[in-house]
Amino acid sequence: FLFFLIFLPCPLLFLKENPDLPGEVSLSVQLTQGNFLCIMQAEEVNMIKIDGNNLQLEDVKRVAVEKEKVLLSKQAWRRIKRCANAVDKFLAREDPIYGVNTGFGKLVRVKISDSQLSELQKNLILSHSCGVGEFLPSHTVRASMLLRLNVIAKGHSGVRIDTTQLLLDMLNKDVVPVVPSKGSVGASGDLAPLAHIALVMIGEGKAIYNGRILSGRTALKKAGLSPVKLGAKEGLGLINGTQMMSAVGSLALLEAENTLRTAELSLALSTEAVDGSSSPFHPLIHKLRGQRGQILSARRVRSIIGAKKGKRVQDPYSFRCAPQVYGAVIDTLSFVREILEREVNAATDNPLIFPEEDLVLSGGNFHGAPVAMAMDFLSIAMTDLSSISERRIAQLLNPEITNLTAFLAENPGVNSGFMIPQVVAASLVSENKVLSHPASCDTIPTSNDQEDHTSMGMTSAMKAVNVVKNTARVIAIELLTARQALLMRGKWRKKLNPIMEELNKLADRSLQDRPLSEDIERVAEATLNGKLLVL
């Protein structure tokens, strides 16, 4: 392609946008010699194309964290346009439509005149932008923007082409609204957090652009964008749904999956360090029980530690029962993934517009119960994973188990070894236990009892984030403790060399006492990101 442009004389280059399909840009190149015509679609291989139905959790991370660009499919743009036209048609009939020509919540009985429809949507965003607390990380906000775009792409939200295009452009140009983390009860969805995103779209609020916090209007201007004036239904179409809790939950699950796989490596290192038996990982044991996660985890760990007798008839439960516990965590995370994969491709608006059926239906798809319960289950599973890891850390510090010095200290007494890292792990596990109290079983009625049962899904999701990060820190402490034991022993299976080498890159291998905080945090971060999955 570049050869033709450079070496053939007088090339004519035309770049045109299809006005009916925003985001789908065609590049036409016509060369005067040879009548050569080349038409290319600007759908680059590294762009994520969304259509409302096929978004993967891994795609969420690629867009949210790695900042890959997003493209809406042609079919999605057609559905968006058809749904927006349907809203206009329904309004012409003058029938009451919740949140379109009526008030919100308990004010549903208040009829709104045509001249006030746009003001109604703007005021919805202004009034709902009242979140409080520390700001959500930019990658979490980016994830929620992607999920909201995916909902709109389904063609049931009633958001116009121009408004959708602005949200897409903000994501691709990395204009990230500043969103407080507290204020959602998970029904009607994540109203307050999502309102802070829409706030920037109308030129209000604050946003991060090029690393600076600016006013929403200034951030848009610097990115070459302009605010929109919301039409009928559009305010609701931007904030009514579970996209913030789902964004938080999706990113937490991906980190939890990496942490679980890394925990299998820490188990293998610890088993080697205490000269443990491979018998508890024998496939015949797990076949008899038939639990899929248990079978899988036992197979993976046994492939690392090999077949060996060990020096004890039976190892402590934290070693011997690890496949059963890990297996339960695997099965739990599988369930959570299934729920989230459905939710990120779900229409969660109210009311929902059905252009082909000529219907507007009010319902409760915005209720966050599925995500809330899944996030609570995730917290419980990861807490148990951290708990069994902490017990192995304690066993590694026991001379009767390892035949090494107490607390794995070089010159005990002068050095304390890993005495206090185990205390830190105990603290983290205790905090996890508190955070694992389910939020989804709580509900506080809102909106004068119109919204009389809520999910607390955002609370469940935010708790899960903290539990996952705490668990990664506990696993990091186990990895460093097991490495210390192996270094003191001076030998280990060659199969373990890759993980030992990775740990040596992240943490000083000296056996002498030293501050371990930064080492632990580096190994924990590598755990969350899956960078230690080298076996």
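The values are calculated or read from the model by the stated rules, or taken from the named source; none is laboratory data. Small disclaimer: the values here were computed from a predicted structure and weren't measured. Virtual Cβ from ideal backbone geometry, glycine too; neighbours counted across all protein chains shown. The protein model used for the area step is the full one, side chains on, heavy atoms only, and it has no ligands, DNA or RNA in it. Shrake-Rupley method; radii C 1.70, N 1.55, O 1.52, S 1.80 Å.
Lys/Arg Cβ at +1, Asp/Glu Cβ at -1, dipole of the chain taken about the Cα centre: which of Pro283, Ala86, Ser517 is farthest positive-ward?
Of the listed residues, the answer is Pro283.
Starting from the Cα-Cα distance between Val534 and Asn85, subtract it from 0.36 nm times their residue separation and give me the gain in nm to one decimal. Show your work: numbers first, answer last.
Working: separation 449, 0.36 × 449 = 161.64 nm, distance 5.27 nm.
That works out to 156.4 nm of additional length.
Over the range 96-237, what is the mean sequence separation of C-alpha contacts under 8 Å (at least six apart), divided by residue count, expressed as relative contact order in percent? Could the numbers behind the result be given before it?
Numbers: 223 pairs, mean separation 41.6, N = 142.
Result for the range 96-237 is 29 percent.
Nearest 0.05, what FRET efficiency do Asn398 and Met47 give at R0 = 60 Å with Cβ-Cβ as r? Don't skip to the end; give the middle numbers.
Working: r = 54 Å, r/R0 = 0.90.
Once rounded, the FRET efficiency stands at 0.65.
When only Cα pairs under 8 Å and 6 or more residues apart are kept, what is the percent relative contact order across the chain? Before the final figure, lay out the partial values.
Working: 1038 pairs, mean separation 79.2, N = 535.
The normalised contact order for the chain reaches 15 percent.
Short version: what are the Cα gyration tensor semi-axes of the range 409-462, square root of 5 times each eigenvalue, largest first, in whole Å?
Working: eigenvalues 424, 9, 8 Å².
Taking √(5λ) for each eigenvalue gives 46, 7, 6 Å, largest first.
Determine the share of the range 386-445's accessible area contributed by carbon and sulfur atoms, expressed in whole percent, with a 1.4 angstrom probe. Mind showing how you got there, number by number?
Working: 1710 of 2910 Å².
After summing per-atom areas, the C and S share lands at 59 percent.
What is the percent of Cα-Cα separations in the range 207-366 that go past 27 Å?
On the way: 6772 of 12720 pairs.
Across the range 207-366, Cα pairs with separations above 27 Å total 53 percent.
Could you work out the Kirkwood radius for the range 363-454, taking every pair of different alpha carbons, averaging 1/r and inverting it, reported in Å?
Details: mean 1/r = 0.0611 Å⁻¹.
Radius from the Kirkwood sum: 16.4 Å.
Nearest 10 degrees is fine. How inclined is helix 161-172 to the longest principal axis of the chain, computing both from alpha carbons?
Long axis of 161-172 versus the principal axis of the chain: about 30 degrees.
So if each residue of separation counts as 0.36 nm, and I subtract the Cα-Cα distance between Glu518 and Arg342, what length gain in nm does that give? List each step's numbers first, then the result.
Numbers: separation 176, 0.36 × 176 = 63.36 nm, distance 3.80 nm.
Extending this stretch completely gives an extra 59.6 nm.
If one puts a single equal scatterer on every Cα of the chain and applies the Debye formula without solvent, what log₁₀ I(q)/I(0) results at q = 0.05, 0.06 Å⁻¹?
-0.26, -0.37
Taking +1 at the Cβ of each Lys and Arg and -1 at the Cβ of each Asp and Glu, which of Phe366, Ile353, Thr383 sits farthest along the dipole of the range 334-393 towards its positive end, judged by Cα position relative to the Cα centre?
Thr383
Between Ser334 and Tyr317, what is the label-point separation in nm under the 7 Å Cα-to-beta-carbon projection?
About 2.4 nm separates the two model spin labels.
Excluding ligands, DNA and RNA, what is the solvent-accessible area per residue of the range 227-326 at a probe of 1.4 Å, expressed in Å²? Walk me through the numbers before you get to the answer.
Details: 3530 Å² over 100 residues.
Normalised by residue count, the accessible surface of the range 227-326 is 35 Å².
Give me the percent of accessible area attributable to carbon and sulfur for the range 187-283, probe 1.4 angstrom.
Carbon and sulfur atoms account for 48 percent of the accessible area of the range 187-283.
In Å, what Rg and Dmax follow from the Cα atoms of the range 95-250?
14.6, 47
So how much slack lies between Ser127 and Leu107, counting 0.36 nm per residue of separation and subtracting their Cα-Cα distance, in nm? Intermediate results must be reported in sequence, preceding the final value.
Values: separation 20, 0.36 × 20 = 7.20 nm, distance 1.37 nm.
Working it through step by step, the gained length comes to 5.8 nm.
Between Ser279 and His437, what FRET efficiency follows from the Cβ-Cβ distance if R0 is 35 Å, with the result rounded to 0.05?
On the way: r = 37 Å, r/R0 = 1.05.
Once rounded, the FRET efficiency stands at 0.45.
For the chain, take the longest principal axis of its alpha carbons; what is the angle in degrees between that and the long axis of helix 117-128, to the nearest 10 within 0 to 90?
20 degrees
How much of the accessible area of the range 63-167, in percent, comes from carbon and sulfur atoms when a 1.4 Å probe is used? Show your work: numbers first, answer last.
On the way: 2430 of 4580 Å².
The nonpolar share, carbon plus sulfur, comes to 53 percent.
Quick one: accessible area per residue over the range 86-226, 1.4 Å probe, rounded to a whole number of Å²? Before the final figure, lay out each step's value.
Numbers: 5590 Å² over 141 residues.
Per residue, the range 86-226 has 40 Å² of solvent-accessible surface.
Calculate the spin-label point distance for Lys221 paired with Met419, positioning each point 7 Å from the Cα along the beta-carbon direction, and give it in nanometres.
If labels sit at Met419 and Lys221, their model points lie 6.2 nm apart.
Let me know the volume per residue of the alpha-carbon convex hull for the range 462-535, in Å³. Let's see the in-between values first.
Values: hull volume 6.2 nm³, N = 74.
Convex hull of Cα atoms, per residue: 83 Å³.
If you fit an axis through the alpha-carbon atoms of helix 322-343 and take the longest principal axis of the Cα set of the chain, what angle between them do you get, 0 to 90°, nearest 10?
Taking Cα atoms only, the helix is inclined about 0 degrees.
Can you give the calculated 222 nm mean residue ellipticity of the chain, where each DSSP H run of n ≥ 4 adds -39,500 (n - 2.57) and the sum is split over every residue, rounded to the nearest 500 deg cm²/dmol? If you can, show how the numbers build up before the last one.
Numbers: 20 runs with 280 residues, N = 535.
Roughly -17000 deg cm²/dmol at 222 nm, from the helical runs in the chain.
Provide the FRET efficiency to the nearest 0.05 for the Asp452-Asp162 pair, computing r from the beta carbons and using R0 = 41 Å.
Numbers: r = 36 Å, r/R0 = 0.89.
Efficiency, from the Cβ-Cβ distance: 0.65.
Which residue, chosen from Ile50, Leu71, Gln116, occupies the Cα position most advanced towards the positive end of the dipole of the range 38-133, where the dipole is computed from +1 (Lys, Arg) and -1 (Asp, Glu) charges on Cβ about the Cα centre?
Gln116
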